[in-house]
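**Q** Before I ask anything, here is the structure I am working with.
The values are calculated or read from the model by the stated rules, or taken from the named source; none is laboratory data. Here the structure is a predicted model, which is why all the values come from computation and not from measurement. Please note that ligands, DNA and RNA were not included when accessible areas were found on the heavy atoms of the full protein model with its side chains. Shrake-Rupley method; radii C 1.70, N 1.55, O 1.52, S 1.80 Å.
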Amino acid sequence: LGRTETSGVFSQQFVEQDGGFKVLTYFGQTTQWLTAVNIKSSLPGLLPIRLYADIGLTAPDAYANNTQALLYEGGIDLCIVKNMFEIYFPLVLCKDFKTDLKTNSIGYGEQIRFTLNLNLWNPFNFIKNFKTSD
């Protein structure tokens, strides 16, 4: 749904790639190299809330003024259905991300991103993978 949208709620859907950063920016995407660590941690209790942090180092490129960039972000992951529907609320962003978001006039509401993986809701896969007890 809405993979090519440029505005509205469906434009905030994303696929975790390019280092797994959730922030809406092209900063850090490179054709050379990028290394990243992505961490998610559950909070005590039964709430579907997790903390997330993404930290990465990118190759020098024109967008980063030809210097290596250390990028990071962190926030809250509202995990409605794990790996199927998750909403990410950023709380901490590196200076490069903040500058890029400000330059492109992207407000906080537009920084909230979500993943929606309908392939995992395929009823045929569910039936195929359903195991009965012996």
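**Q** Search the structure for amide H atoms under 5 Å from the amide H of ARG113, placed 1.01 Å from N in the peptide plane, and list their residues when 5 or more places away or on another chain.
**A** TYR88
**Q** With a 1.4 Å probe and every protein chain left in place, tell me how much accessible area ASP100 has, in Å² to the nearest 10.
**A** Approximately 20 Å² of ASP100 is accessible to the 1.4 Å probe.
**Q** Short version: ³J(HN,Hα) in whole Hz for each residue of the stretch 79-94, in order, from phi by Karplus 6.51 cos²θ - 1.76 cosθ + 1.60 (θ = phi - 60°), x for Gly and Pro, what are they?
**A** Each residue's phi maps through the Karplus curve to give 8, 5, 9, 3, 6, 10, 9, 9, 10, 10, 10, x, 10, 10, 10, 5 Hz.
**Q** Let me ask another. On the full set of protein chains, 1.4 Å probe, figure out the accessible area of VAL81 and give it in Å² to the nearest 10.
**A** 50 Å²
**Q** While we're looking at this one, here's another question. Can you list the HN-Hα couplings for the stretch 101-106, worked out from phi with the Karplus curve (6.51, -1.76, 1.60; θ = phi - 60°), rounded to whole Hz and with x for Gly and Pro?
**A** For the stretch 101-106, the Karplus curve yields 5, 5, 4, 8, 6, 9 Hz.
**Q** Same structure, new question: For ARG50, what accessible surface area do you get with a 1.4 Å probe? Give it in Å², rounded to 10.
**A** Spelled out: ARG50, probe radius 1.4 Å, area about 30 Å².
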